[in-house]
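The values are calculated or read from the model by the stated rules, or taken from the named source; none is laboratory data. These figures come from a predicted structure and were not determined experimentally. Note that we place each Cβ from the backbone using ideal geometry, even for glycine, and neighbour counts take in every protein chain shown.
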Number of protein chains: 2
Amino acid sequence: MSVRNKEVQPIPVLMTAHRILFLVLDGIGDRPCPSLGDMTPLKAAETPVLDQLATAGVCGIMDTIAPGIRPGSDTAHLSLLGYDPYTCYTGRGPLEAEGSGIHMEPGMIGFRANYATLDSSGKIGDRRAGRIHDTAVLSNAVERGVDLSEYGVKVSFRSGAGHRAALAFKGEGLSHCVSSNDPKSEGKAPLEIRPLEESPAAMKTSRALAEFIQQSGEILGTHPINKERAAAGEKQANIILVRGAGEMGRLEPFSERYGMRGAVISAASLITGIGRVVGLDSIPVQGITGSVNTNLEGKVRAATGALETYPFLLMNIKGADESGHDGKPEQKRDFIHRIDAALAPLSDLDDTILVVCGDHSTPCSVKDHSADPVPVLIHGEGVRRDRVTRFAETDCAEGGLSRISGPSLLPIALDLVNRSKKFGA
Amino acid sequence: MSVRNKEVQPIPVLMTAHRILFLVLDGIGDRPCPSLGDMTPLKAAETPVLDQLATAGVCGIMDTIAPGIRPGSDTAHLSLLGYDPYTCYTGRGPLEAEGSGIHMEPGMIGFRANYATLDSSGKIGDRRAGRIHDTAVLSNAVERGVDLSEYGVKVSFRSGAGHRAALAFKGEGLSHCVSSNDPKSEGKAPLEIRPLEESPAAMKTSRALAEFIQQSGEILGTHPINKERAAAGEKQANIILVRGAGEMGRLEPFSERYGMRGAVISAASLITGIGRVVGLDSIPVQGITGSVNTNLEGKVRAATGALETYPFLLMNIKGADESGHDGKPEQKRDFIHRIDAALAPLSDLDDTILVVCGDHSTPCSVKDHSADPVPVLIHGEGVRRDRVTRFAETDCAEGGLSRISGPSLLPIALDLVNRSKKFGA
């Protein structure tokens, strides 16, 4: 299948492709799983499409950040886009805020937020407020109602998926060095917000954040939606838990750095947020959930469509990561099988360097990210073909790419589309 | 064999191991040896235990410092412990001094030392004073007798193995930029000590070191032990040759850096010294020599015992390096065979990530260290299994680790025992 309109004119024989598709299979890497006969879910899955791509392409393993460094999804994606997380990342908040639609400017402080339930005893009864969703009305009320002008702080507050939201402070002399009020488990009182260093900026931000939590709690506590929930016996969304404070850095726009426009397809606001902060557009797709029930076929259609417009596209498929966090090897294997089937339209994408990789491993035995290298394959015009015929962890380690690092991946792909600059003469 | 006491309680099924054993086979790597049919000694040796570990584990090759960099044993071990030798290493002296029992503080200058024989003609007759040993009485006499208070320098001098010793200077404004008096071959006069830069510190240290050599020579020349040796027709230990000057740096303790206690098992004072400077305990073992006649079985028993107490253990086995330096491929092959047999108790060590590697190659054809990468294998719970079935240089190069660098090894192992910190969210 061609993604270009074949009626226009025949495609000339190209010596190099012109477009790059990064297909990031979130958390795809794993460790041997006893219940899968000591295979990894990727090794145990039937993956004819990925195997065909591996056979026709070049494979390797990749340390998204560096060997032995356990990446977050945020730092991993920054690294894959060629931005050094050690210099541009102070916390997940600004990326979540950007993903929720708040425009983050350098110096602004962003936070991840959850709607939660504060019991009458003063303890957190539910960290997700009964898995509340569609909270836009509440978020608008909070954003309009909270007044931090005493601190010179302008507040932005937006709903994310489900019980999630994002908060941003804009003002002079703010710091990300402030603690969270999230006790991380239910039945405990919310924690007091504290400055994490003795700077005036941290102390001011800490006081402003405590004030935000106070005022927002009052607004939510008396909001009609919560009264309705209480009347219906549902858990109220009457407190906001914040965490992941980070200062928005200055990131050179992707288009300036690499000379090409790009876009992101992801159900996760974190990933679209990372895209936004470097100037990558976000392509919406109906029915994507960031879970194993996502609309994979719709995503792949959107990707082939987006490549008509954007020479660079990053598509993240999240479900395998979720299965890893949940410690479910069979579910992870089966979802990988579903991913593979949905990828068929990508297997003969023309004029495109297709890169398939993970952002990190999420071993079912660890139920969290690990530093185990991820498999990577590169497919398309000009790619050297190695002997690897299977897209799995140790198979790919025998491939022609050997072991590479995350920040190397985009430069390698750019070279394959003839966009690398010659250094020297 | 379990290293835990099976009488206490059954071991739970662990999702990750909790302990790390680094087994460093010193100088194990080699180049093809004509007398071994162009195999390396490791390839030519029968190594069923190492091969079983390789088969069940993941293999690779490793540049202990970086590709093409020929490591010393000292810089290699610092690198394997995750300390950058380029920033913390100025010479071997401080490590030898620490290994000999001198407590080195940051800013102190350490030197390697040899007892040697100065002929009546003023030339070095024997750089090892007839391979003198048990020199503690002489060293005490030197340490007590030499007075460098004129330079504000406090002298420590301790015996090492055989003719070896270590010297340390403590005082203000000292430098490691001073030359050696060792002419490096016999029949030549000792060299004059010179400052290696024009700083006041180097000039002062140079004068103090020359004074040390002068005073210690006088003390040794009239010592009863040397009179007895002369009477018996033995070579006198009447001059101290110094080399390897280095300034003790500030090294973050291993336990603070990695959150775990650790220990070292090695016959070489250099290796135990490296351990000491980063706060690793030294486990003594009877009958270990650092040579091919060492007590391998005792070492392995000590290792399994030490793992009851220490979650991190580095064990160095030195003999193969010696055979490489001596240019003896058959001896190296045979010693590797002996190592392999002795390792049997480690092959089913539970709850442990076992890492087997070299610190550098010592090719018999070079008779010195080379930059050829060393083989490495990692065995234990959670490790991805590759197709390598033989622990040898080029076999391991086909493994699932691909090619890694020395400073990556400990982070990789820490991730496997779930002690790596997540960077990001």
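What the table below lists for this structure:
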item: So A:I109, is it under 20 Å from A:E247 (Cβ atoms) and modelled with pLDDT of 95 or more; result: yes
item: Residue satisfying all of: in the range A:157-211; out of contact with any Pro (no Cβ under 9 Å at 6 or more places or on another chain) and assigned to a helix (DSSP H, G or I); surrounded by the fewest Cβ atoms within 10 Å (Cβ to Cβ) among these; result: A:P200
item: Scan of the range A:92-109 for residues that are over 24 Å from A:G262 (Cα atoms) and surrounded by 18 or more Cβ atoms within 10 Å (Cβ to Cβ), ordered by number; result: A:M108, A:I109
item: Among residues of the range A:219-251, those that are farther than 17 Å from A:P190 by Cα and in contact (Cβ under 8 Å) with a residue 12 or more places away in the chain, counted; result: 12
item: Residue in the range B:387-425 that is surrounded by the fewest Cβ atoms within 10 Å (Cβ to Cβ), counting only those that are among the charged types (D, E, K, R) and within 12 Å of chain A (Cβ to nearest Cβ); result: B:K421
item: Single match in A:D386, A:D368 (criterion: of a type outside the set (S, T, N, Q) and within 30 Å of B:L414 (Cα to Cα)); result: A:D368
item: Criterion: over 16 Å from B:L209 (Cα atoms), out of contact with any Leu (no Cβ under 7 Å at 6 or more places or on another chain) and surrounded by fewer than 24 Cβ atoms within 10 Å (Cβ to Cβ) - qualifying residue of B:R131, B:R127; result: B:R131
item: Those residues of the range B:344-362 which are buried (at least 24 other Cβ atoms within 10 Å of the Cβ) and more than 20 Å from B:L410 (Cα to Cα), in sequence order; result: B:T362
item: Count of residues meeting criterion [buried (at least 18 other Cβ atoms within 10 Å of the Cβ) and in a helix (DSSP H, G or I)] in the range A:249-272; result: 6
item: Lone qualifier among A:P345, A:P363, A:P329 - being touching a Lys or Arg at 6+ places or on another chain (Cβ under 6 Å) and either within 14 Å of chain B (Cβ to nearest Cβ) or touching a residue at least 24 places away in the same chain (Cβ under 8 Å) (or both); result: A:P363
item: Single residue of the range B:58-103 satisfying the filter (in a helix (DSSP H, G or I) and without any contact (Cβ under 8 Å) to a residue 60 or more places away in the chain) that is farthest from the chain's Cα centre (by Cα); result: B:Y86
item: Checking B:G72 against (1) surrounded by 17 or more Cβ atoms within 10 Å (Cβ to Cβ); (2) small (G, A, S); (3) in contact with a helix residue (DSSP H, G or I) (Cβ under 8 Å, 6 or more places away or on another chain), the condition it does not meet; result: (3)
item: Residue within the range A:264-282 that is among the acidic types (D, E), modelled with pLDDT of 95 or more and not assigned by TED's automatic domain parsing to the domain that holds A:D182 present; result: yes
item: Looking only at the range A:308-343, and only at residues there that are acidic (D, E) and surrounded by fewer than 24 Cβ atoms within 10 Å (Cβ to Cβ), the one that is nearest to the chain's Cα centre (by Cα); result: A:E322
item: Number of positions in the range B:38-69 that are more than 14 Å from chain A (Cβ to nearest Cβ), more than 16 Å from B:V24 (Cα to Cα) and crowded, with 24+ Cβ neighbours inside 10 Å; result: 2
item: Matching option when the condition is buried (at least 22 other Cβ atoms within 10 Å of the Cβ) and in a helix (DSSP H, G or I), among A:G275, A:G298, A:G305, A:G246; result: A:G275
item: Which numbered condition B:R384 fails, given (1) basic (K, R); (2) more than 13 Å from every other protein chain (Cβ to nearest Cβ); (3) surrounded by 24 or more Cβ atoms within 10 Å (Cβ to Cβ); result: (2)
item: From the options A:G380, A:G400, A:G406, residue that is more than 25 Å from the chain's Cα centre (by Cα) and under 26 Å from A:S73 (Cβ atoms); result: A:G380
item: Restricting the range A:111-126 to residues that are more than 20 Å from A:G99 (Cβ to Cβ) and among the hydroxyl-bearing types (S, T, Y), the residue that is nearest to the other protein chains (Cβ to nearest Cβ); result: A:T117
item: Scan of the range A:350-375 for residues that are in contact with a helix residue (DSSP H, G or I) (Cβ under 7 Å, 6 or more places away or on another chain) and over 16 Å from A:I65 (Cα atoms), ordered by number; result: A:I353, A:L354, A:V355, A:V356, A:P363, A:C364, A:K367, A:D368
